[in-house]
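S.K.: The structure follows.
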Amino acid sequence: MKIKHILFSALAGSMLTVGCTPEEYSLSSIDVTAAQLSEGEGFSVLVDQTTNYVTCTSNLTGKTIYWEYGPKPADGESFSVSGNYVGQSYKVGIAFPGDYYVRMAADNAGGLAFGEPSYFTIDQINTDLISDEAWTTLTGGVGKSKTWILDLDPETGAALKFGGPKWFFTTGQNWDSFHNAAGANYIDADPWDASTAIDPTYASEWYWAADYAGNSWICGLADYGEMTFDLINGANVDVNGTKGTFSMDVDAHTISFTGVLPLSCGADADISSYCPSGTYKIIYLTDNAMQILFDGGASAGTPFSMNYISKEYKDNYVAPVVTDITLPEDWMDYIVPKNQNITKYKFNEDAPCTWFDITGTTEEKRTYTPVDLSEYTFAFNSPSNTLTITDPSGDETAITYTLDDKGNFTFKEALPVFSLASDNADINFGASDNQLQILSYEIDDYSGDLSELVIGARQYDAQGNFYEYQAYRLVKQTGSAEPERFAVTLGFADTGWNFITHDKLYISGEGSYTFSIVPDGTCATTDPYLYYIDVLKLLKSHPNADLVLTSIKVDGTEILGSNESLTDEAISRGVGDVATTGRRYLLNPWNETSAANTSKFKFSTSLDVTLNVVYDAGEVKLK
């Protein structure tokens, strides 16, 4: 049976006092005597050595009673608080044998004052008090230990579960914010399953699952050590050699540390300021992963979690081998369009061939010299399920096929084999198993039509093991030549993360383009926070492209060049959230130099930025 407000702790040696206790006042300032706050006249203590429950009952009436208990301190040591409670009586279960204290305080006009502690002994262990599954998950079980580390590889920055060691939350959230009555949680639940879906972002609640790869500012890349919990002659915790004790309320999903702070990738002062009581919220706990939330209230700053994985999980982790290719749900609408019986393709002449791993996610571009493939055509006839390949001499090869729901073409006749490279005889079109897998495709942002199809032939080693895809890039042919266009995104937001929306924007070649944003009533344009301009997919076709800033006008006033950090050279050049996106970050709140220009981007009528688009600057500029 679970009992609310019952904490389980253990006797420890020399410990620091991490938990908060009420401020103590002298008895002369209140109207209770020392005897009224001490065992006997003031309260009674009943120890049940059979169950290890200790019941404390106050004899005072008309007062708010405060209880505190913990291990009996050694001579000269301060009290270490393992648990506290407000109420006329207090029942606490103590799992482990040892010497303990309890003391009582009462309120009055002068505040709170403690009486003398009452000492008692627990004779034997009661494992029933630590039988809840959470104790075993955290510690490994009675008589065992379990070590946890931050979810951050100190050498590579990789994370196995959470993507990074630290996430951010709104204040006031707890276990119930991220779990439902069905037992599902916000990380592992299927968001499309209504019975298990978890959405913690409703109302004013939100969280940011920050990945380390894109947010290395969160902490330095380092080995932050280990945190070991055990239930060996007590509930003990060791953080990088500093020993303490812990207690856990399995109903409230909280954990308290005495004598030590939880393992973190930040300063101890930050941890203490967010949770000076030494009690923290657990918001996720499985055999392999755990999140502890540090929430000091609105005045302390943005709450955050430390994200842990078990050391055993890290040491024995084997990356899963995924060989199924996952395509978007509507992929068939583009590959087999309902309004088009025959779809024709030609090779991408600049890069007709490339290579992918067996997951279809990692591309490796190898050096070779393509032969002239301009006269080859591929015509897919979807009503008859026939592929007709026409070679440069005009000869046609018709092959029937089936297309399964995973995007895999299986051909009933052999595909023709022909060379793709003039300097490598092993690079040929064909498929030894008569199958071609759709790996990806591109959609033109302007027309919304498919523009490029990437299909791969499985490659097998001498033992018959599938080890990679040799992929072919095919460009869809349309009735007339379409100009090359790239979509543009303007990302302007205020400090409340309200973004200005805008119509679809495009560039259609090299030259000068002016992009304007105006107030839309949802974003406070006089309270700017960030502003960037993205040109999508630009770097895929033009890896040496550049976006040169020639003008920034705020309400008609030019600000480009108004200081040395507001020049084309000083403003950040880079890539967007996708590596093929070119980005100019005009106002970056995470860059101290850029953020210093925030006030210059306040506008009332319009913010106009002019870019000169260059497809080949002679070297990689946006990186």
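S.K.: So what are the ³J(HN,Hα) numbers for the range 432-439, from phi and the Karplus equation (6.51, -1.76, 1.60; θ = phi - 60°), rounded to whole Hz, Gly and Pro as x?
M.R.: 5, 9, 6, 9, 10, 9, 5, 9
S.K.: With respect to the cross-link table entries Lys243/Lys314; Lys476/Lys621; Lys161/Lys623; Lys346/Lys621; Lys146/Lys243, which display a Cα-Cα separation exceeding 19 Å?
M.R.: In this structure, Lys243/Lys314; Lys476/Lys621; Lys161/Lys623; Lys346/Lys621 exceed 19 Å between Cα atoms.
S.K.: Right, here's the next one. Residues with beta-carbon under 11 Å from that of Ile358, excluding Ile358: net charge, scoring Lys, Arg +1 and Asp, Glu -1?
M.R.: Result for the neighbourhood of Ile358: -2.
S.K.: Trypsin sites (Lys or Arg not before Pro) within the range 379-468: which are DSSP loop residues with at most 12 other Cβ atoms inside 10 Å?
M.R.: Those that pass, being in a loop and sparsely packed, are Lys406, Lys412.
S.K.: What is the fewest-to-most order of Thr397, Thr581, Thr367 by other Cβ atoms lying within 10 Å of their Cβ?
M.R.: Thr367, Thr397, Thr581
S.K.: Then there's this: Given the convex hull over the Cα atoms of the range 27-125, what projected area results after averaging over all orientations, in nm²?
M.R.: 6.3 nm²
S.K.: List the trypsin sites (Lys or Arg not before Pro) within the range 245-350 that DSSP assigns to loop and that have no more than 14 neighbouring Cβ atoms inside 10 Å.
M.R.: Hits after loop and neighbour filter: Lys338.
S.K.: Please check the chain for the longest run free of chymotrypsin sites (Phe, Trp or Tyr not before Pro) that are loop-located per DSSP (anything but H, G, I, E, B) and have at most 10 other Cβ atoms within 10 Å.
M.R.: My reading of the result: 203-496 is the longest stretch.
S.K.: To one decimal place, what orientation-averaged projected area in nm² is obtained for the convex hull of the Cα set of the range 133-315?
M.R.: Hull-based average projected area comes out at 10.7 nm².
S.K.: Applying the Karplus parametrisation 6.51 cos²θ - 1.76 cosθ + 1.60 with θ = phi - 60° to the phi angles of the range 452-460, what ³J(HN,Hα) value in whole Hz is obtained for each residue in order, glycine and proline being reported as x?
M.R.: 9, 10, 10, 10, x, 9, 5, 10, 10
S.K.: Per the Kirkwood formula on distinct C-alpha pairs, the Rh of the chain is how many angstrom?
M.R.: Hydrodynamic radius (Kirkwood, Cα only) of the chain equals 30.0 Å.
S.K.: Can you list residues from other chains, or at least 5 along the same chain, whose modelled amide H is less than 5 Å from the amide H of Ser82?
M.R.: HN-HN under 5 Å from Ser82: Tyr69, Gly70.
S.K.: By how many nm would the segment from Leu46 to Leu221 grow when fully extended, if each residue of separation counts as 0.36 nm and the alpha-carbon distance is taken off?
M.R.: Stretched out fully, the Leu46 to Leu221 stretch lengthens by 57.8 nm.
S.K.: Can you give me the P(r) profile for the range 486-614? Cα pairs, bins 5 angstrom wide beginning at 0, each as a whole percent.
M.R.: 2, 11, 22, 25, 21, 14, 5, 0
S.K.: Additional query: Could you give the length gained on full extension between Tyr506 and Ser565, defined as 0.36 nm per residue of separation minus the Cα-Cα distance, in nm?
M.R.: 18.4 nm
S.K.: If a/c stays under 1.5 just call it rounded; otherwise compare a/b with b/c (prolate if a/b is bigger, oblate if not). Do that for the range 331-476, with a ≥ b ≥ c from the square roots of the Cα gyration tensor eigenvalues.
M.R.: Rounded shape, in that the Cα axes give a/c under 1.5.
S.K.: Find which of Val535, Trp206, Ser508 sits farthest along the positive direction of the dipole of the chain, computed with +1 on the beta-carbon of Lys and Arg, -1 on that of Asp and Glu, about the Cα centre.
M.R.: Going by the Cα projections, it comes out as Trp206.
S.K.: Separate question: So what's the Cα pair-distance distribution over the range 66-184, bin width 10 Å, in %?
M.R.: 10, 23, 29, 25, 12, 1
S.K.: Projected onto the charge dipole of the chain (+1 at Lys/Arg Cβ, -1 at Asp/Glu Cβ, origin at the Cα centre), which of Leu586, Ile232, Tyr446 gives the Cα projection farthest towards the positive end?
M.R.: Towards the positive end, the residue furthest out is Ile232.
S.K.: Let's test this: bin the Cα-Cα distances of the range 494-535 at 5 Å from zero up to the farthest pair and state each bin's percent.
M.R.: 5, 18, 28, 21, 14, 9, 5, 0
S.K.: Could you tell me which of rounded, prolate or oblate describes the range 441-495, using a ≥ b ≥ c as the square roots of the eigenvalues of the alpha-carbon gyration tensor, with rounded for a/c under 1.5 and, failing that, prolate when a/b is larger than b/c and oblate otherwise?
M.R.: It is oblate, given that a/c is not under 1.5 and a/b is not larger than b/c.
S.K.: Please identify every one of the GluC sites (Glu not before Pro) in the range 485-570 that sits in a loop by DSSP and has no more than 10 other beta carbons within 10 Å of its own beta carbon.
M.R.: Answer by residue number: Glu564, Glu569.
S.K.: Still on this structure, I have one more. With the crude spin-label approximation of a point 7 Å out along Cα→Cβ, what separation in nm comes out for Arg485 versus Ala524?
M.R.: 3.7 nm
Laboratory data are not the source of any read-out in this text; all were calculated from the coordinates shown. Because the structure is predicted, anything quoted here is derived from the model rather than measured. Please note: Cβ atoms are built from the backbone with ideal geometry, for glycine as well, and neighbour counts cover all protein chains shown.
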